[in-house]
1. I'm told A95 meets every condition in (1) under 18 Å from the mean Cα position of the chain (by Cα); (2) within 28 Å of P169 (Cβ to Cβ); (3) more than 16 Å from ligand 1 (Cβ to nearest atom) except one. Can you identify the failing condition by its number?
2. For the list (1) hydrophobic (A, V, I, L, M, F, W, C); (2) touching a Leu at 6+ places or on another chain (Cβ under 6 Å); (3) surrounded by 18 or more Cβ atoms within 10 Å (Cβ to Cβ), I need the number of the one condition that I128 fails.
3. Looking at the range 116-131, I want the residues that are assigned by TED's automatic domain parsing to the domain that holds V281 and have a partner that is modelled with pLDDT of 95 or more and among the charged types (D, E, K, R) with Cβ atoms under 6 Å, at least 6 apart or on another chain. Which pairs are those?
4. Which of the residues belonging to the range 253-272 are within 15 Å of ligand 2 (Cβ to nearest atom) and either closer than 17 Å to L110 by Cβ or surrounded by fewer than 17 Cβ atoms within 10 Å (Cβ to Cβ) (or both)?
5. Restricting attention to the range 54-79, which residues are among the charged types (D, E, K, R) and under 20 Å from G154 (Cα atoms)?
6. If we keep just the residues of the range 176-227 that are in a loop (DSSP other than H, G, I, E, B) and within 16 Å of ligand 2 (Cβ to nearest atom), which is surrounded by the most Cβ atoms within 10 Å (Cβ to Cβ)?
7. Just checking: which of the strands (runs of 3 or more DSSP E) contained wholly in the range 26-95 hold 3 or more residues that are without any contact (Cβ under 8 Å) to a residue 12 or more places away in the chain and assigned by TED's automatic domain parsing to the domain that holds E7?
8. Can you pull out the residues in the range 135-154 that are without any contact (Cβ under 8 Å) to a residue 40 or more places away in the chain and outside any loop (DSSP other than H, G, I, E, B)?
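The values are calculated or read from the model by the stated rules, or taken from the named source; none is laboratory data. Just so we're clear, the structure is a prediction, and the values are computed from it rather than from any experiment. We place every Cβ from the backbone using ideal geometry, glycine too, and count neighbours over all the protein chains shown.
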Amino acid sequence: MNDEIFEKYREAGTIASTILKDGAREIREGASYLELVESIESRVRDEGAALAFPLNVSLNEDAAHDTASVGDTRIFKRNDVVKLDLGVEVDGYIADTATTIDLGDNSLLLQASEAALDAAIRTIQPGIIAGNLGAAIQREIESRGYRPIANLTGHGLDQYVLHRSPSIPNIGNMSGPVLEEGMVFAIEPFATTGSGHVGEKTRKEIYSQISTRPVRIPAARTIIESIKDRKGLPFSRRWLPERKLDIALPSLIRSGVLHEYPVLADIPGSLVSQHEHTVIVTADGCIVTTR
Ligand code: MN
Ligand code: MN
């Protein structure tokens, strides 16, 4: 990796880290979900950076992929476990970082995912396999009486690419890619009181473009035009022009132009915590860009 790219990863990381910490302090009982999301997203733009994906704010058993809808009336409630997951990109070089805010009495659950992330980061060095990180994550979470979410993983990052190899599991497996100096990836342990597996809910607010095939319906063309700058990175329904969205969005999904990301949740009534950092592997360990 050349110095210029390295500095862009560092800049994205510093912006993401600062804004995530400030945003986390604003989550309290009675605060507006929509106002929080819009406030954090606009701070990223004010820094001259861009969002690598819509701010994810996922509550309680929801692990990922929720964000504000247009006119969202939700407020944060007592006992909510709130995951804030922020992605910032500078010229396409991505920082992906998440934290959990506890509005109840779940500090041990939060400690589990945080300790798991720390343990995984301490384990990193060139030559080990990604499954070694998963083993460290699983050990920290299970030793505290919770389960890691097995079907969510960390992921490699590249310019304008949010998910690529290596995949970083949240459970130990003794196969998988070997870590190499210069690799960039996000590690994101989830700890849960539930089953340890997420499934898809019907709620969907986040999409990405996966094909550039021509689009005929004018309202659909308007959507594609409005997301051109995303370069394939995810966007929110909330960011789109509202004209005929209810017809145009489903048609773009049916025709395979857009991919939709349903909210991912563990079983009803469970609680999920998440912590995430982005790292660059070095000769003797790693640099955490989002700390
Ligand atoms: Mn993330
Ligand atoms: Mn991630």
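1. (3)
2. The one condition I128 does not meet is (3).
3. Partner pairs satisfying both residue conditions: A116/E140; A119/E140; P126/E180; P126/E181.
4. Of all residues in the range 253-272, those within 15 Å of ligand 2 (Cβ to nearest atom) come to 261, 264, 272.
Matches in the range 253-272: V272 only.
5. Residues of the range 54-79 that are among the charged types (D, E, K, R), as a first pass: 61-62, 66, 72, 74, 77-78.
E61, D62, D66, listed by residue number.
6. Quick first cut of the range 176-227, residues in a loop (DSSP other than H, G, I, E, B) only: 176-177, 179-183, 188-189, 193-198, 210-217, 227.
When the remaining residues are screened for being within 16 Å of ligand 2 (Cβ to nearest atom), the result is 183, 188-189, 198.
On the way: M183: 22, E188: 29, P189: 34, V198: 25.
Residue satisfying both the conditions and the ranking: P189.
7. Details: elements: 50-59, 62-64, 81-90.
The strands (runs of 3 or more DSSP E) meeting that bar number zero.
8. Initial filter on the range 135-154 (without any contact (Cβ under 8 Å) to a residue 40 or more places away in the chain): 135-136, 138-139, 142-143, 145, 153.
Correct list: A135, A136, Q138, R139, E142.
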